[in-house]
Amino acid sequence: MSNWEDYVRRVEPYVPGEQPKKEHMIKLNTNENPYPPAPGVVKALREMNTDLLRRYPQPDCKILVDAIAEFYGVKSEQVFVGVGSDDVLAMIFLTFFNDAKPVIFPDITYSFYDVWAEMLRIPYETKALDEDFLIKKEDYYGENGGVIFPNPNAPTGILMPLSEIEDIIAHNRDVIVVVDEAYIDFGGESALPLIEKYDNLLVVQTFSKSRSLAGMRIGYVMGNEKLIRYLNDVKYSFNSYTMNQTALILGAEAVKDRAYFEETCRKVIETREWTKKELHKLGFSFGDSKSNFIFAKHASVPAEDIFEALKKEDIYVRHFSKERISNYLRISIGTKEEMQTMIGFLQNFLAEG
Ligand code: PMP
């Protein structure tokens with residue numbers, strides 16, 4: 001008997017939301033943007049010189065890094081890009097979380113954090129959200145090997161005020177604090193200005209939500225130049241060409257169009273607020289989401305029943321079979337028409353029940 005299986009790095013992988021291949025469906029399960037990418041992106045894709053694909057892309061991702069730096073008014077040396085923020089976050093775990101003390105994050109949060117920690121053998125500890133699903137900042141003041149949390153948090157959608165985030169950073173000057181701002185553009189205040197004041201802060205964002213490019217896989221992090229250098233050292237030790245040529249060109253185009261970006265976010269926010277009112281009328285309760293999804297539970301009908309009923313109608317939302325949140329549904333914000341269809345269905349379904 002050979003025993004090679006004893007040497008396998010066994011991991012329990014993250015489970016992404018379903019991507020059903022249906023032509024007519026309402027897909028509200030992975031927080032994608034319902035609007036197309038900026039017109040400049042579509043044009044650049046049509047006109048792209050495909051001869052470029054013969055060559056390796058820029059290893060330093062300069063066109064994209066420079067475009068992001070310009071948009072946010074930071075130096076290019078303060079920006080690192082990756083294949084979605086998942087890739088950026090994995091690099092951050094690998095680069096900065098190397099202590100015997102545990103990395104800390106909320107018990108209810110982005111469910112990839114514990115997967116990376118387990119895979120990379122990083123000790124971690126979770127801190128319980130309070131009964132209203134809020135992060136308690138004092139929980140993050142003790143000794144630890146690093147801190148990470150999303151703002152707004154996922155899947156709750158609840159935003160933490162910047163002053164509280166600053167308190168957490170100020171209490172953790174000897175470790176790296178990561179604020180995962182995947183959903184910050186839908187009404188939150190970014191911690192980005194704090195990178196000038198705190199050299200241990202990393203602010204992670206993505207093109208997958210507010211810039212309608214989930215399929216292109218582009219994420220980035222901004223922070224002190226020294227932190228970015230360390231991240232690049234690890235990246236070049238792993239894979240020099242993380243970003244493909246198409247992603248570099250289209251990403252740079254997407255970030256240039258500020259007006260389109262702002263208009264798209266405005267529409268999503270408007271639809272979110274409309275959806276909140278309608279869900280309330282139907283007997284749902286939820287925290288005050290500042291993201292592009294609503295995390296809601298119904299007063300009497302179990303989440304799983306609603307989930308299954310919606311699915312039969314080809315309306316996909318997300319349900320997590322996890323302690324404390326198994327009676328909630330995470331509903332991404334689609335177009336106004338999509339949300340009207342979902343609400344219309346729920347009106348009938350809940351009236352029947
Ligand atoms: N952080 C959070 C909190 C998320 O919900 C997601 C989306 N699944 C990500 C990061 C990763 O997004 P992406 O890799 O598409 O940038």
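The values are calculated or read from the model by the stated rules, or taken from the named source; none is laboratory data. Here the structure is a predicted model, which is why all the values come from computation and not from measurement. A quick note on method: Cβ atoms are made from the backbone with ideal geometry, for glycine too, and the neighbour counts reach across all protein chains shown. These accessible areas exclude ligands, DNA and RNA; they are computed on the full protein's heavy atoms, side chains included. Shrake-Rupley method; radii C 1.70, N 1.55, O 1.52, S 1.80 Å.
Some points to look at:
- List Phe80, Phe71, ordered by accessible area with a 1.4 Å probe, largest first: Phe71, Phe80
- The chain: most fluctuating residue of Pro57, Pro155, Pro34 per GNM, C-alpha cutoff 10 Å: Pro57
- Restriction of the trypsin sites (Lys or Arg not before Pro) in the stretch 170-278 to DSSP coil positions whose beta-carbon has at most 14 other beta-carbons within 10 angstrom yields Arg173, Lys197.
- Spin-label model distance (nm) - Glu131 vs Asp233, 7 Å beyond Cα toward Cβ: 4.8 nm
- Considering only Asp99, Asp114, Asp185, the mean-square fluctuation computed in a Gaussian network model of the chain, springs between alpha carbons under 10 angstrom, is largest for Asp99.
- A DSSP coil position with no more than 15 other Cβ atoms inside 10 Å describes the following chymotrypsin sites (Phe, Trp or Tyr not before Pro) in the stretch 181-280: Phe238, Tyr241.
- DSSP finds beta bridges in the stretch 39-256, and of those with both partners inside it, around 40 percent are antiparallel.
- The order of Ser76, Ser289, Ser326 by accessible area, most exposed first and with a 1.4 Å probe, is Ser326, Ser76, Ser289.
- Positive dipole terminus of the chain, leading residue within Met1, Ala252, Val88 (C-beta point charges): Ala252
- Within a Gaussian network of the chain (alpha carbon springs, distance under 10 Å), most fluctuating of Thr341, Thr156, Thr271: Thr341
- Cα shape, the stretch 262-310, gyration tensor, a/c 1.5 rule: prolate
- Relative contact order (percent, whole number), the chain, Cα cutoff 8 Å, 6+ residue spacing: 24 percent
- Label-point separation, Glu12 to Ser240 (7 Å along Cα→Cβ), nm: 3.9 nm
- For the stretch 80-123: rounded, prolate or oblate by the Cα gyration tensor [a/c cutoff 1.5]: oblate
- Distance between the 7 Å Cα→Cβ label points at Asp199 and His280: 4.8 nm.
- Ranking Leu129, Tyr220, His171 by how far each Cα lies toward the positive end of the dipole of the stretch 88-234 (charges on Cβ) leaves Tyr220 at the top.
- Rounded to the nearest 20 debye, dipole of the stretch 39-256 from Cβ charges on Lys, Arg, Asp, Glu: 1060 debye
- Aspartates and glutamates whose Cα lies under 13 Å from that of Lys277, excluding same-chain neighbours fewer than 8 positions away: Asp288
- Applying the Karplus relation 6.51 cos²θ - 1.76 cosθ + 1.60 with θ = phi - 60° to the stretch 32-43 yields 3J(HN,Hα) values of 6, 8, x, 9, x, x, 4, x, x, 5, 4, 5 Hz, where x marks Gly and Pro.
- Put a plus charge on the Cβ of each Lys and Arg, a minus charge on the Cβ of each Asp and Glu, and nothing anywhere else: the dipole of the stretch 65-157 about its Cα centre is then about 180 debye.
- Couplings 3J(HN,Hα) of the stretch 67-78, computed from phi: 5, 5, 4, 5, 4, 8, x, 10, 7, 4, 5, 9 Hz, in residue order, whole Hz [Karplus 6.51 cos²θ - 1.76 cosθ + 1.60, θ = phi - 60°; x for Gly and Pro].
- Helices in the chain, meaning DSSP H runs of at least 4 residues, each add -39500 (n - 2.57). Divided by all residues, the mean residue ellipticity at 222 nm is -11000 deg cm²/dmol.
- For the stretch 125-244, the share of accessible area belonging to carbon and sulfur comes to 46 percent (1.4 Å probe, ligands and nucleic acids excluded).
- Note on the stretch 38-87: dipole from Cβ charges, positive end direction compared against Pro59, Met48, Ser76; the farthest Cα belongs to Met48.
- Fully extending the segment from Asn327 to Asp288, taken as 0.36 nm per residue of separation minus the present Cα-Cα distance, adds 12.3 nm.
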